[in-house]
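One structure is given here, and the rest of the page talks about it.
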Amino acid sequence: MVSTRAQKAQGTSNAIAHIPAKLSAGHGSGNMQPPAKRARMKRSEAGGAESPSARDATTESGLRERLLSLPVEIFGEICSFLDAIELRHLALTDKTFWSVLAAPKSDPFWRHAFKQTVPPLPECPEPMSKPDYARFMLAQSCMVGKSWPTYLNYFHRLRYCNKCFEDNMLSKEEVLELHPDFPPEFLKYLSSNSDGTTLATAHYRWGKNQRQYLKLDVVAVYKLWKSLSESAENPEPANTQLTSRLEKYADDRIRSGLKMNHWQIAAYQLKEAQLTKLRNERSAMVFAKLSELGYQTRDYPRWHHEVRKPKTLTDEEWERIRHIIITATESNKANRIANEQRIRKNLRTRDLTTLWSDVVAVASGTRAVNISERAACPLLNEFLDFAPVAALMEADTNGISEQDLSSLRSDALLFVIQERRRYLVRLHNIRNGLPIDQVDEEEWDSLSNDEIIAKLDTIAADLVQAVNGFWDSKRKTVEWYPAACLKAASLDPDVLSAAEHLAPGLISKMLEIIGKDPNTEAGAAINGHWGLKPVLYRCGRCDERLAPTLAFKDLISHYLENKVWFDKASDAREKAVIESAGSKEPRSFSTLFDSHDWNTDGEIIASDSLRDKARVTKLQKQLESAYGNEPEDYEGQDFTTRSRRSTNKAPERRTRRICRLCPEGFSPKPIYFAALKVHIEHVHCKVANVEEDTVAFDPSRDIAPVNPWILDVPSVAL
């Protein structure tokens, strides 16, 4: 059996016989003289002591010369121990080594080195040289410019950077643009297939499976085809012969390319396995160090880059990363403790939330079936701020024990009952016109918890009636219990008043019109109908050209806003009349008519059938078109004949006006005269005159009217 060393020597015997004479110069040859020794220089001649870099260069040069002066057999024996990666590194260390190892006679060295590589490299395809093959398979840089990232093509056996790729590779369209008469049937033999045997990495300019053609191959095939076509009398046999050659060429390229691709995958997997082994060994050593320092396993920084680095952990390396690893471990420990505290807090919150739900259900009495009425009870965050509850929340325990929950239940129930009583009594006082915080404490203190709950149920049953709405004069809207939550930051109890006191009979009358019971169906007052999408209604007292379409609760607010405006405007008019009574020339004041008095005859809610809706929409669009056709709005110029589109291109030419007949500060907001005429006709009961009854609004001079009433103009008219 031949020994391993004998096998290696036998594998290089052919290479030894063809080593160039340059390697054997100075030894074993009568014709070649050994290299002459250099004369030793004195220090004075060298200019002083030799620097370390000079000594290193001298030593390296001497080693190179001694290595080059080795006998051929010994140099071949050295090369037999090198794999392809090491042999390539040796060739790149010196021009002399490169000239020797890049020579064709050194191919046996490369073939043996390819077999020595793990995993063994596929056989070098012809006519590729062995050094070029090693560079293509082993180097990561461009084969032309030495830059990266690179794009790999096993079919063309090239590794290009982005610039070289764009300079040398062509798409099908670019090939036909370069040579319009290029036979398309040849193209399938000049690139790898796109049906699973793609042997090229995708380029950002092209798709993953798009073919890539080498410009040199395209030009060579084109020239060969042209020469064959021109020289042959019948081009068909020449094309057939060229096609056969190209088919053989493509099969060879694909076969060798697949082998090279499979080797790259295997080499990558092997390298990753080796790196993983190094990472695991380094991690185990780091964790052993941390265990000696007293840290727990769950605090180890397992995915820290210094822990996962594929490098052996030496004592010097540990001293370098010690502070970094300990800092990361302390951070993990702090995060773990904070997370555990958060989990324990969530468990305590879960237990207290269950307690809150139980006591709220008890305190809500017979009204507990209506989930929305739980707004009368304290919210969860308010319950958690309750002193005994807050004390349990701050205790860092793993949940709340049953004993603590049982001892807390009575105090929690009393707290919820008191909050519900406070909320309902305040609404009850607002509805009855009493001071908001008026409470007979002696009467309530004499009652048991069950009696208090029963009495609160009676108050809630009275408040839930639809006629018991609450008018919010700040937000200009009506709210009903339990939505009228005095604890909400957006609701101010000081501006609330009973809507039925402000508008006796309004809500009842409107509910009767839509066929709802005002004593039971509060949902109709809020949503319009139970269980359906809110229905929209139209105001029956507004002029149809300006009548707004509103939800039921907004329609109530619409009437209340008009009532507030009329009452305040009437008081301002009466005050102005009294002030002008003693003047020499008393002013004449226009009539004020409450067009939205729901106690007079007439419909409050207009019919909203499809026919009426279409008719009203048509009237509102006609009013909108009149905004741009008022001669007064354009300084006497008549734009009646112009289209609406042309007038809408110059909205700054339209004049907005305010009413001079209203008391000062009570005019509608600045609007166009066409809409202001409707206001004058309905509120002041006269035919509008643009000069006498209105005035142009000048933002630089006038202050826009600010009052509770806003003229409702439908969106289609805006």
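The values are calculated or read from the model by the stated rules, or taken from the named source; none is laboratory data. Owing to the predicted nature of the structure, the values given are computational and were not obtained by experimental measurement. Every residue, glycine as well, gets a Cβ built from its backbone with ideal geometry; the counts of neighbours run over all protein chains shown. Heads up: the accessible areas ignore ligands, DNA and RNA and are worked out on the full protein's heavy atoms, side chains in. Shrake-Rupley method; radii C 1.70, N 1.55, O 1.52, S 1.80 Å.
Worth pointing out:
- Subset of the range 97-138 [in contact with a helix residue (DSSP H, G or I) (Cβ under 8 Å, 6 or more places away or on another chain) and among the aliphatic types (A, V, I, L, M)]: 100, 101, 102, 113, 118, 121, 128, 134, 137, 138
- Some residue of the range 377-392 being more than 23 Å from residue 464 (Cβ to Cβ), in contact (Cβ under 8 Å) with a residue 40 or more places away in the chain and crowded, with 17+ Cβ neighbours inside 10 Å: yes
- Only helices (runs of 4 or more DSSP H) whose full extent lies in the range 39-94 are considered here, and the ones with at least 1 residues that are modelled with pLDDT of 65 or more, closer than 19 Å to residue 109 by Cα and polar (S, T, N, Q) are 72-80.
- Scanning the range 302-339 for residues that are in contact with a Leu (Cβ under 9 Å, 6 or more places away or on another chain), β-branched (Val, Ile, Thr) and open to solvent by less than 60 Å² (accessible area, probe 1.4 Å) turns up 321, 325, 326, 329.
- Residue selected from the range 629-681 under the condition in a helix (DSSP H, G or I) and aromatic (Phe, Trp, Tyr), by the criterion modelled with the lowest pLDDT: 634
- Verdict on residue 460 being in contact (Cβ under 8 Å) with a residue 12 or more places away in the chain, in contact with a helix residue (DSSP H, G or I) (Cβ under 7 Å, 6 or more places away or on another chain), crowded, with 19+ Cβ neighbours inside 10 Å and closer than 25 Å to residue 561 by Cβ: no
- Unmet criterion (only one of (1) within 53 Å of the chain's Cα centre (by Cα); (2) open to solvent by less than 20 Å² (accessible area, probe 1.4 Å); (3) without any contact (Cβ under 8 Å) to a residue 60 or more places away in the chain) for residue 444: (1)
For every residue, the table says whether it meets (1) at pLDDT 80 or above; (2) part of a helix (DSSP H, G or I); (3) in contact with a helix residue (DSSP H, G or I) (Cβ under 7 Å, 6 or more places away or on another chain).
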site: 558; (1), (2), (3): yes, yes, no
site: 576; (1), (2), (3): yes, yes, no
site: 582; (1), (2), (3): no, no, no
site: 589; (1), (2), (3): no, no, yes
site: 593; (1), (2), (3): yes, no, yes
site: 598; (1), (2), (3): yes, no, yes
site: 613; (1), (2), (3): yes, yes, no
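- A residue that is at pLDDT below 85, in a helix (DSSP H, G or I), closer than 20 Å to residue 564 by Cβ and open to solvent by less than 20 Å² (accessible area, probe 1.4 Å) can be found somewhere in the range 511-533.
- Count - residues of the range 393-423 that are of a type in the set (D, E, K, R), within 30 Å of residue 494 (Cα to Cα) and touching a residue at least 40 places away in the same chain (Cβ under 8 Å): 2
- The residue list 238, 273, 232 contains one member that is within 30 Å of residue 315 (Cβ to Cβ) and either open to solvent by less than 40 Å² (accessible area, probe 1.4 Å) or modelled with pLDDT of 90 or more (or both), which is 273.
- Hits in the range 138-156 (condition: over 38 Å from the mean Cα position of the chain (by Cα), in a loop (DSSP other than H, G, I, E, B) and either free of Cβ contacts under 8 Å to residues at least 12 places away in the same chain or closer than 19 Å to residue 91 by Cβ (or both)): 139, 143, 144, 146
- Criterion violated by residue 263 - all others in (1) touching a residue at least 60 places away in the same chain (Cβ under 8 Å); (2) open to solvent by less than 20 Å² (accessible area, probe 1.4 Å) satisfied: (2)
- Across the range 455-478, the qualifying residues are those that are in a helix (DSSP H, G or I) and touching a Leu at 6+ places or on another chain (Cβ under 9 Å), and the one among them that is nearest to residue 505 (Cα to Cα) is 463.
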